[in-house]
Amino acid sequence: MSLLIHATVTVTGGKDALGACEARLRRLLSSQFLKDEVTEHHGREALCYDLKIEGGIPFPVFAQASQEFPGLEFVAEWVNVAAGEKGRATLVNGRVTGQENERVATLADDEHPVYIEVAPEGRLVLGLTLIRTARDEWRGYALTATRDALVRLVRRPESDAIELYATEGGTEWTHRWRGSLAAGRFEHDALSPPVAIEGAV
């Protein structure tokens, strides 16, 4: 059985066009039998589609919508654990205007180790990888049998405090846990409003 590819597609542009595009994409995704594999997390300024699909991202569906709504920008980001890569592509007017690909470490002795825990019956309990992005900050990706999230871990050396942020299907930090390893206690907060990933401090 092939591993799932996790991807997000974010659509931005004029509000009127976004509304019409949302309706069109629902029809296109249904016609491709993909409706149950896509979760929608839309905001006032953008449409966001979270996909967990075997065998590849349905680029033709989004390319068709992009061509029908040339004023909108479609940004697809994905992680393919089986291929050991992640990438990003931008579509405007049905054409790819930018693309990036990057290798992802998948072995424990690679530069960015992967932690995997599997239950006796074969269910994935946790898959986790972190990379150090600053002296006291790590970012990564967590996956269970039913959910996945981007994560951010920050250590405050002056107080021994730790903060863990997580996404929930979109491009924003929506959950935060605060505590310390010494105390062994962490408190959870739902961030309202959510914090854009780029704006986290």
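The values are calculated or read from the model by the stated rules, or taken from the named source; none is laboratory data. Not measured: the values here are computed from a predicted model. Cβ sites come from the backbone with ideal geometry, for glycine too, and all protein chains shown count toward neighbours. Heads up: the accessible areas ignore ligands, DNA and RNA and are worked out on the full protein's heavy atoms, side chains in. Shrake-Rupley method; radii C 1.70, N 1.55, O 1.52, S 1.80 Å.
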Rounded to whole Å², per residue accessible area for the chain with a 1.4 Å probe reads 61 Å²
Listed residues Ser159, Ser30, Ser180; largest mean-square fluctuation, Gaussian network over the chain with Cα springs below 10 Å, found at Ser159
Under a Gaussian network model of the chain whose springs join Cα atoms within less than 10 Å, the largest fluctuation of Leu153, Leu28, Leu181 belongs to Leu181
Label model pair Glu121, Ala17: point-to-point distance (7 angstrom along the Cα→beta-carbon line) in nm is 4.9 nm
Reported to the nearest 10 Å², Val11 has, with a 1.4 Å probe, an accessible area equal to 0 Å²
Over all viewing directions the Cα convex hull of the chain casts an average projected area in nm² of 13.2 nm²
For Ile131, the accessible surface traced by a 1.4 Å probe with all protein chains present amounts, in square angstrom to the nearest 10, to 60 Å²
Once both label points are put 7 Å beyond Cα along the C-beta direction, the Glu100-Arg27 separation in nm becomes 3.5 nm
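When the solvent-accessible surface of protein heavy atoms is calculated with a 1.4 angstrom probe, in what order do Asp16, Asp136 fall, highest first? Present the calculation step by step, with values, prior to reporting the outcome.
Numbers: Asp16 140, Asp136 30 Å².
From most exposed to least exposed: Asp16, Asp136.
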Ranking Thr146, Ser66, Ile131 by how far each Cα lies towards the positive end of the charge dipole of the chain (+1 on Lys and Arg Cβ, -1 on Asp and Glu Cβ), the top one is Ser66
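May I ask you to give the percent of accessible area on the chain that is carbon plus sulfur, with a probe radius of 1.4 Å? Provide the component values of the computation, followed by the final result.
Numbers: 6510 of 12250 Å².
Of all accessible area on the chain, carbon and sulfur atoms account for 53 percent.
Rounded to the nearest 20 debye, what is the charge dipole size of the chain about its Cα centre when +1 sits on each Lys and Arg Cβ and -1 on each Asp and Glu Cβ?
240 debye
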Summing -39500 (n - 2.57) over every DSSP H run of at least 4 in the chain, dividing by its residue total and rounding to the nearest 500, the 222 nm mean residue ellipticity is -4500 deg cm²/dmol
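Which value results for Rg/Rh of the range 124-181 when Rg is the Cα radius of gyration and Rh the Kirkwood radius based on the inverse mean 1/r? The partial results should precede the final answer.
Numbers: Rg = 11.9 Å, Rh = 12.0 Å.
My calculation puts Rg/Rh at 0.99.
Taking 30 Å as R0, compute the FRET efficiency from the Cβ-Cβ separation of Arg44 and Arg156 and round it to 0.05.
Values: r = 33 Å, r/R0 = 1.11.
Here the calculated transfer efficiency is 0.35.
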